[in-house]
Amino acid sequence: MAPCSRKRAVNATELLSRRSRGIGDAGSLIRHSMEVLRGILLQDNRDFVKVWNKTSKSTIMYENGKIYLENYQNCYSCVHAEPQLLYKLPKRSKLEKFEDALLCQSPLDRTLASPSDQKPSLLVLTANNWLYRLSVETGEELQRVYLSSKHKFRYLSWDDSQGRFYVKSVQNKETSLERQAGITQNTVMHLAIFHVFPLQIVGILDINKKVFGNGVTDVVLSHGVLVVSYSNKSVKLYSFEHIVQRYLTEKLTLGKPSSLLGGETVGDVPFGIPVNIQITDWPPVLFEVSCANNSVQIGGYPWHYIYTPMQSRHKGTHHICSLKDSTMTFRIVEYEDELDLLAVVVTNGEEGEGRAQIQLHDNQSGQLLRTVHLLEPWDETYRHELFFDKDTIVHIEQKNNGFCCHVYKLKVVRK
């Protein structure tokens, strides 16, 4: 007869250590905590109560428990009973203003060489082409890289499945004087691609009409695929790995000299980062599709893509197809939230002084479990964003004269 097995007590420090290294079932502690929080959230004596609101003339952003105002200059933490100011950065000139930003969480599965690389940070792009890495807790500058004095960069985006992000320039458009003089602008835009842990340059490439053809309207990088959109509503996909392997002229290192800069330092003023991925011929097209909004999302295993077909009858719908043979299938569609709850905004459809409520449904059964009534009016003609983050609901609305942020927290209430 086999001896009875006894459950071994596990030290809390050991659990935390295992979780930080991503080992075993360390995540079960988080899952259990979320189950407890869900039970508390659905108790009859609990409700979401409005605790804070703020207005701003510039965009308000919410991410990972933090609210960013005044172009990421001011940061509020939402972990307290009501949002509290974490930091306020000094005012910047128009040349130094923040154009875009990304929140960057450090990996738990490995230790990086520099302690500052392990800290959660905010990647910020400025109007004068500087890329900063700032501490999300203090706003302290952790790292800076100068991109270019030749190309105007404006947008930041993730290629997160590859541990990368990229910086995209504004589009080069021919002026009327250039057209009259017969001068052709071959370069449409530039992309600067970085590894993020630690921050390191992969390279800069130009999207050129001679290579990708006329009519390019946008380019994104997703799941290691370069996605090029055209004015005729077609979208073409290229392997970014193939492009790097074939067309990389020199491997660059931030803070080190480069022969492409005549021995000058990569990432320093005034030289920045040179174009080191020079595509000289048309790379093979992996896939091509026509869609209504020039937008294709790729992912899943096996590979699938989501798009809206061109025909007017498909407006407002999304089709999920196999990347292998374009057959329709919905087997991979899955939604999972930490609390396994689905938040649905329901409005009375009125303009101006309309009202809205948030319905919380069980993600498995669809059953309505709780309704939260928003106190502020909901004008259907304005743009709204809603974030449901554990014990916090954040509602951001864009009005004619700016933005407004409303925060609700889970509290004990008397019925």
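The numbers here are math on the coordinates, done by the rules we state, and not lab data. Given the structure is predicted, the values throughout are model-derived calculations rather than measurements. Glycine also receives a Cβ, built like all others from the backbone with ideal geometry; neighbour counts cover every protein chain displayed.
Couple of notes before you dig in:
- Amide hydrogen neighbours beyond the local backbone of Asn276, cut-off 5 Å, H modeled: Ile204
- Other-chain or far-sequence residues with amide H under 5 Å of Ser148's (modelled H): Ile273
- Cβ charges +1 (Lys, Arg) and -1 (Asp, Glu), total dipole of the chain, debye: 400
- Per-residue packing, averaged as other Cβ atoms within 10 Å, sorts the ranges 251-264, 119-132 into the order 119-132, 251-264, beginning with the highest.
- Taking a quarter of the surface of the Cα convex hull of the chain gives a mean projected area of 29.1 nm².
- Most to least packed among 221-227, 357-363 [average Cβ atoms within 10 Å]: 221-227, 357-363
- Projecting the Cα atoms of Ala127, Leu112, Cys78 onto the dipole axis of the range 22-127, where Lys and Arg carry +1 and Asp and Glu carry -1 at the beta carbon, places Ala127 farthest toward the positive end.
- Applying the Karplus relation 6.51 cos²θ - 1.76 cosθ + 1.60 with θ = phi - 60° to the range 235-249 yields 3J(HN,Hα) values of 10, 10, 10, 10, 6, 5, 4, 4, 4, 5, 4, 8, 10, 5, 8 Hz, where x marks Gly and Pro.
- 3J(HN,Hα) along the range 70-75: 6, 6, 6, 6, 10, 10 Hz, from the Karplus curve 6.51 cos²θ - 1.76 cosθ + 1.60 with θ = phi - 60°, whole Hz, x for Gly and Pro.
- Estimated purely from DSSP H runs of n ≥ 4, each contributing -39500 (n - 2.57), the mean residue ellipticity at 222 nm for the chain is -2500 deg cm²/dmol once divided by its residues.
- Footprinting exposure proxy ranking of Lys209, Lys91, fewest other C-beta atoms within 10 angstrom first, gives Lys91, Lys209.
- ³J(HN,Hα) computed for each position of the range 254-269 - Karplus, 6.51 cos²θ - 1.76 cosθ + 1.60, integer Hz, glycine/proline x: 4, x, 10, x, 9, 5, 5, 10, x, x, 6, 7, 6, x, 9, 6
- Each peptide in 100-106, 236-242 receives the mean, over its residues, of other Cβ atoms within 10 Å, and ordering these scores from highest gives 236-242, 100-106.
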